[in-house]
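Remarks on the structure that follows.
The values are calculated or read from the model by the stated rules, or taken from the named source; none is laboratory data. Note that the coordinates shown come from a computational prediction; the quantities given were computed from them, not determined experimentally. Cβ placement follows ideal geometry from the backbone for every residue including glycine, while neighbour counts extend to all protein chains displayed.
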Amino acid sequence: MKALVYNGPGSPSWETIPDPAIEDSSDVIVRVDTTTICGTDLHILKGDVPSVKPGTVLGHEAIGTVVDKGSGVTSLDLGDRVIVSCITSCGSCQYCRKPMPSHCLAFDSTGWVLGNLINGTQAEYVRLPYGQNSTYKLPEGMDDAQALFLSDIFPTGFEMGVRYGRVTPGDVVAVVGVGPVGLAAVATAGLYGASKVIAVGRTRPRIDKALEMGATHGVSTNDPDWFDTVMGLTDGLGVDVAIEAVGVPHTLDQAFRLVRPGGHVANAGVHGTSFSLPINDLWIQNITFTTGLVDTVTIPILIDLIKAGRIHPEAMGTHHFAMDNMLEAYEIFSEASKHNCLKTVITH
Ligand SMILES: [Zn+2]
Ligand SMILES: [Zn+2]
């Protein structure tokens with residue numbers, strides 16, 4: 001089969017490798033029908049993620065069709081179409097039963113296994129350990145493009161941003177950073193009754209996309225008065241919940257500056273450098289700070305919300321490619337702002 005292989009820092013390659021086969025009774029093999037590229041894959045290609053060894057197929061998001069299964073798989077049949085979770089869950093360890101499969105003990109206390117510790121989804125086929133616990137059936141009539149971003153991005157914005165940030169009715173929520181994860185937080189903050197959802201971004205196309213996906217206000221940090229503008233929307237008090245969705249110290253600092261006493265700062269960004277917490281200012285502010293790796297346990301909720309027409313994740317799929325053009329998709333996605341790209345949709 002063809003697959004996108006990480007051969008060490010630098011450029012990825014699209015090459016022929018052996019098809020995956022069943023190795024364990026819990027395994028499921030799916031044919032990848034639709035996949036996408038995550039910002040995390042770009043981090044891997046820069047050499048920022050040492051757990052990924054050269055020779056690994058990248059990718060942890062997909063919609064696929066079950067083509068083979070181990071003897072222990074009872075709830076999936078050949079031909080079933082599934083949403084592949086970016087989190088692999090054994091279903092029985094202490095963390096999976098919490099349920100916090102992001103730290104499943106079956107693989108070194110991380111649920112992020114695909115495209116990290118084992119071959120991932122940017123390939124024609126992928127082997128999914130604990131396949132029936134780590135996939136969700138795609139409902140009849142739902143398009144791949146509607147459900148694709150439930151693998152990772154949408155649950156990440158929802159769980160790490162909105163749910164960890166404890167958004168409650170009437171809250172003013174600021175989402176700092178309106179890339180895919182920020183947009184998912186924007187699109188789901190209203191579900192918990194936020195009175196205002198303020199998208200704080202840089203470039204206009206992304207802010208406009210946030211307004212399309214559920215933000216009530218859009219503020220560009222290119223505007224020198226942006227901070228006062230946000231404060232003006234909160235009677236000068238600051239926001240109840242500030243969600244960081246970029247993953248750099250500067251934007252996390254902005255989130256802490258925007259939050260009011262008693263508020264929550266929820267980190268949803270993937271950070272590569274340390275951050276100095278201004279505890280000398282914060283200790284007296286009754287702030288809660290949360291962070292974590294997505295569990296994807298909200299995928300069933302998000303499926304129902306798509307069915308009900310309450311969320312439209314497909315709005316993020318801006319660039320479409322055939323799987324054979326995987327490298328071109330990487331080129332475009334690695335310069336996403338230049339190409340006005342949010343997420344790629346890559347089909348078999
Ligand atoms: Zn990801
Ligand atoms: Zn587990």
Practice task
For the stretch 160-181, state whether one or more residues are surrounded by fewer than 24 Cβ atoms within 10 Å (Cβ to Cβ), away from ligand 1 (no atom under 15 Å from the Cβ), in the same structural domain as Ala242 (by TED's automatic domain parsing) and of a type in the set (S, T, N, Q).
Solution key: yes
Problem - Any chance Thr229 is more than 26 Å from Gly59 (Cβ to Cβ), modelled with pLDDT under 95 and over 17 Å from the mean Cα position of the chain (by Cα) - result: no
Problem - Residue within the stretch 186-194 that is within 13 Å of Ala242 (Cα to Cα), at pLDDT 95 or above and not in a loop (DSSP other than H, G, I, E, B) present - result: yes
Handout entry: the stretch 283-319, residues that are of a type in the set (D, E, K, R) and touching a residue at least 12 places away in the same chain (Cβ under 8 Å)
Key = Asp295, Lys307, Arg310, Glu314
Completion exercise
The condition of being at pLDDT 95 or above and more than 27 Å from Met160 (Cβ to Cβ) holds, among Thr88, Thr34, Thr65, Thr56, only for Thr65
Problem - Some residue of the stretch 203-215 being in a strand (DSSP E or B) and outside the structural domain of His43 (by TED's automatic domain parsing) - result: no
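Residue-by-condition table, conditions (1) touching a Leu at 6+ places or on another chain (Cβ under 9 Å); (2) aromatic (Phe, Trp, Tyr); (3) within 20 Å of His250 (Cα to Cα):
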| site | (1), (2), (3) |
| --- | --- |
| Thr168 | no, no, no |
| Thr188 | yes, no, no |
| Lys196 | yes, no, no |
| Val200 | yes, no, yes |
| His217 | yes, no, no |
Exercise for the section: Specify the residue that is farthest from ligand 2 (Cβ to nearest atom); the eligible residues are those in the stretch 88-138 that are β-branched (Val, Ile, Thr) and in a loop (DSSP other than H, G, I, E, B). Expected result: Thr121
Completion exercise
Among Asp77, Asp24, Asp48, the single one that is surrounded by fewer than 21 Cβ atoms within 10 Å (Cβ to Cβ), within 14 Å of ligand 1 (Cβ to nearest atom) and in a loop (DSSP other than H, G, I, E, B) is Asp48
Fill in the blank from the handout: Of the candidates Tyr130, Tyr125, Tyr192, Tyr95, the one satisfying the condition of being more than 16 Å from ligand 1 (Cβ to nearest atom) and out of contact with any helix residue (DSSP H, G or I) (no Cβ under 9 Å at 6 or more places or on another chain) is Tyr125
Practice task
Would you please name the residue that is surrounded by the most Cβ atoms within 10 Å (Cβ to Cβ), looking only at residues in the stretch 27-45 that are in contact with a Lys or Arg (Cβ under 6 Å, 6 or more places away or on another chain) and of a type outside the set (S, T, N, Q)?
Solution key: Val28
Problem - Wholly within the stretch 244-326, strands (runs of 3 or more DSSP E) carrying at least 1 residues that are of a type in the set (Gly, Ala, Ser) and not assigned by TED's automatic domain parsing to the domain that holds Ile207 - result: 317-322
Exercise for the section: Report whether or not Val82 is over 18 Å from the mean Cα position of the chain (by Cα) and surrounded by 22 or more Cβ atoms within 10 Å (Cβ to Cβ). Expected result: no
Practice task
Could you tell me whether the stretch 98-116 includes any residue that is of a type in the set (D, E, K, R) and away from ligand 1 (no atom under 16 Å from the Cβ)?
Solution key: yes
Exercise for the section: Scan the stretch 27-45 residue by residue and report those that are assigned to a helix (DSSP H, G or I) and under 19 Å from Ser85 (Cβ atoms). Expected result: Gly39, Thr40, Asp41, Ile44
Problem - Residue count for the stretch 219-243, restricted to those that are touching a residue at least 40 places away in the same chain (Cβ under 8 Å) and either part of a strand (DSSP E or B) or assigned by TED's automatic domain parsing to the domain that holds Cys341 (or both) - result: 5
Exercise for the section: Those residues that are within 16 Å of ligand 2 (Cβ to nearest atom) and touching a residue at least 60 places away in the same chain (Cβ under 8 Å), I need them from the stretch 29-86; list them, please. Expected result: Ser85, Cys86
